[in-house]
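Quick notes on the structure that follows.
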Amino acid sequence: MGRAQLGAARQPDAGTVRSATGAGVRGVIPLQAALLARAGAVALAGAVVGIGPAVRALSKVVSPT
């Protein structure tokens, strides 16, 4: 995620910024899972992490933003 954001800062054209935005949206999934696990919802956190590969695959078909 950080690499995409840095690339957008260095070269702020539409494609690079769009890619960085998508990476940021997909990067929220592990954060949400960590927060759920910390709150004690370990099973739900596992489910959220489990959808990560599906989100990556779908983001190639439909824009995440």
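What the table below lists for this structure:
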item: Stokes-Einstein D for the chain, Kirkwood Rh over Cα pairs, 10 °C, 1.306 mPa s (µm²/s); result: 125
item: The chain, relative contact order [Cα under 8 Å, separation at least 6], %; result: 30
item: Of 45, 14, 23, the one that fluctuates the most in a GNM where the chain has Cα springs shorter than 10 Å; result: 14
item: GNM result for the chain, Cα springs below 10 Å: residue of 52, 24, 15 fluctuating most strongly; result: 15
item: Additional length obtainable on full extension of the chain from residue 51 to residue 3, 0.36 nm per residue less Cα span; result: 15.0 nm
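The numbers here are math on the coordinates, done by the rules we state, and not lab data. This structure is a prediction, so every number in the text was calculated from the model and none was measured.
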